[in-house]
1. Of all residues in region 35-65, how many are of a type in the set (Ser, Thr, Tyr) and within 17 Å of Pro120 (Cβ to Cβ)?
2. Within region 392-431, work out how many residues are within 20 Å of Thr346 (Cβ to Cβ) and surrounded by fewer than 21 Cβ atoms within 10 Å (Cβ to Cβ).
3. Would you pick out the residues in region 383-430 that are of a type in the set (S, T, N, Q), part of a helix (DSSP H, G or I) and modelled with pLDDT of 90 or more?
4. Output yes when any residue across region 365-374 is surrounded by fewer than 22 Cβ atoms within 10 Å (Cβ to Cβ) and hydrophobic (A, V, I, L, M, F, W, C), and no when none is.
5. Only one residue in Thr88, Thr66, Thr38 is over 25 Å from the mean Cα position of the chain (by Cα), at pLDDT 95 or above and surrounded by 16 or more Cβ atoms within 10 Å (Cβ to Cβ). Which one?
6. How do the helices (runs of 4 or more DSSP H) wholly within region 223-333 filter down when requiring 2 or more residues that are within 29 Å of Phe353 (Cβ to Cβ): which remain?
7. Quick check on this structure: which one of Val180, Val200 is of a type in the set (Val, Ile, Thr) and within 29 Å of Leu7 (Cβ to Cβ)?
8. Among strands (runs of 3 or more DSSP E) lying entirely in region 125-222, which contain 1 or more residues that are modelled with pLDDT of 85 or more and closer than 21 Å to Leu271 by Cα?
Amino acid sequence: MRPTKILLVSPVSQNKILGEDFYFKLPLLALPSLAAYTPPDCEVSMIDERVQKLDENVDVDLVGITSMTALAPRAYQIADRFRSRGVTVVMGGMHPSARPEEALNHCNSVVVGEGELVWPQLVEDFKQGRLKRIYKAEQLFDMTGTRLPRWDITDKNLYSPVDFIETTRGCPLSCHFCAVTNFFGGHYRTKPLELIERMVAEVKPTPKRLALKNMVFFVDDNIVGNRTHCKELLTMLKAYKIQWVGQASITVTRDEEIMKLMSETRCLGLLIGMESLSEEVLAECHKKVNRPSEYLAAVEKLHQYGIGAKASFIVGFDHDDVTVFDQLAGFVRKSNLDSVYFSILTPYPGTRFYDQMESEGRILHHNWEKYDTAHVVFKPARMTPEQLQQGFFKLYKKALSFSSIAQRLWRARTQLQFFLPDNLAFRYCIRKLAKARRNEPD
C-alpha cells in the first residue's frame, strides 16, 4: 500500500516588508514542527513560496496550508486550485484559527489553534475517509511532549544561514492588538532544556563567506518571560560556540545577572517591543511594563554589554496624532538604536482591538492582503487614514536614511556585522513597498 502523500505549504505575497523580496530568507519553523507529528506511514514534503515555486499539479493526497492574515488571499487561492483538482485541503495558522468559517469556504477542514495535538488524528481521519470540518484542541499543547522539527523536509541551502529555535510559547501581557495570547495562551510554557540543548548542538557553521557563523534566532516572543527558564537556557548556552539574537521585553535591562549571561553567550542583539513613547498609549494597549522614561537608559545598558538594540514601535493608537511621527524620529536620532521597526496598528481578527474597531464601525475594509502592518485598514481617532499612511512612510524614510543608519551604528558600535545588513535590507524593502503603494489604486 503506497504511503499517503502530504504537502505542507507556506504562501507568500508580493510587496510585503518581509515578503518574497526580503533580502534575508529566514527559515520557516511552523511546518517542520508540525511535520514531526505526522504518522510515520505518510510521505511529507513542504513548499515555502518565499524560496520555492509551488507546482499546483503535484501528485499529493492531502495539502496543509498555514496562513497569517495578510497571506490569507494567496492561501485561499492555493486552496481553491488544489480543491478544483479534487485534492483535500486543510488550513491552519493565525487567520484560519480566528475565522474558521471563512476558511472553510476554501478548504475541507480547519485546524483551530496549535496543531500538535490534533494533527495526528486529522491525518488518520483523512485516511479513513471521516475528516471533520474543524479540529480544535481542548487544551494547550504540553511542551514537554515537543518533538524535534523535521528539517529533512526543507532545503536549508535556500535560506539565510541561521537556525530557528523555539524554547517557550505564550505571553501573559495580553496587549490588546496582539494575537499571541489568544493563540498560544496567557502563561509561558517551556520546552525541556534537554531537547533545546539537542537542537543547539545540531547547529553547524555555514560555509557561506561573510556570513555569521553558528547563528541562532530564538523565536520566543519574550525569551526572558520565565526568568528561571531563561537563566537555565543561558547557562547551558555557555558550553556552545553559537551567536544568537532574540526578542525580549524591556524588563531584561533591569536584570544585571541575565544581561551578563546574555553577553557571555554571545547575544548579538535583542528586539525590544517599545511600542510607544506615550504612557497613555501603553496604558491603552495594556503594556504597562514599558516605561518610556527608561528607554534611553535601556538602550545604553544593552550597549554596555555589547548587545545591539532593535526597537519596534506602532503608530495609529487612539492617543496618537500627527505629531507622533516627529517624536519617534527624534527619539531614534537621540537613542543610538542599532535598528528600528515601525508598524501601523492593525486590527487582526482574533484580537480585542479588532473587536473594538468592528463594534465602533472603524474597519475600512476586509481586504486581508492589506492587513500587513504597512497599510491603514481602520479609521484612526486623531488623524486621517492618509495622514497615518504618509506619516508611516516619512518616518521610515527619516529613520532609514543613509545618514541616520551611519550615525546610529557609528555611535552604538556594538554588532555592526549584524545590524548594517539589517538596516540596509529594511531600507530596500520599505523603499520598494512605498513605490508599490504609490502605484496602488485608491
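The values are calculated or read from the model by the stated rules, or taken from the named source; none is laboratory data. Note that the coordinates shown come from a computational prediction; the quantities given were computed from them, not determined experimentally. Note that we place each Cβ from the backbone using ideal geometry, even for glycine, and neighbour counts take in every protein chain shown.
1. Here is the first cut: in region 35-65, the residues of a type in the set (Ser, Thr, Tyr) are 37-38, 45.
Then keep just the ones that are within 17 Å of Pro120 (Cβ to Cβ); that gives 37-38.
Looking only at that region, the number is 2.
2. Pass one, region 392-431, residues within 20 Å of Thr346 (Cβ to Cβ): 392-396, 399, 426, 429-430.
When the remaining residues are screened for being surrounded by fewer than 21 Cβ atoms within 10 Å (Cβ to Cβ), the result is 393-394, 430.
So the answer is 3.
3. Filtering region 383-430 for residues of a type in the set (S, T, N, Q) gives 384, 387, 389-390, 401, 403-404, 407, 414-415, 417, 423.
Of the ones still in play, those that are also part of a helix (DSSP H, G or I) are 387, 389-390, 403-404, 407, 417, 423.
The answer is Gln387, Gln389, Gln390, Ser403, Ser404, Gln407, Asn423.
4. no
5. Numbers: Thr66 fails: over 25 Å from the mean Cα position of the chain (by Cα); Thr38 fails: over 25 Å from the mean Cα position of the chain (by Cα).
Within the list Thr88, Thr66, Thr38, the selection yields Thr88.
6. Details: elements: 227-237, 256-264, 279-284, 295-304.
Result: 227-237, 279-284, 295-304.
7. On the way: Val200 fails: within 29 Å of Leu7 (Cβ to Cβ).
After ruling out the rest, the residue left standing is Val180.
8. Details: elements: 134-136, 163-165, 215-218.
Because the criterion is at least 1 residues that are modelled with pLDDT of 85 or more and closer than 21 Å to Leu271 by Cα, the strands (runs of 3 or more DSSP E) in region 125-222 that meet it are 163-165, 215-218.
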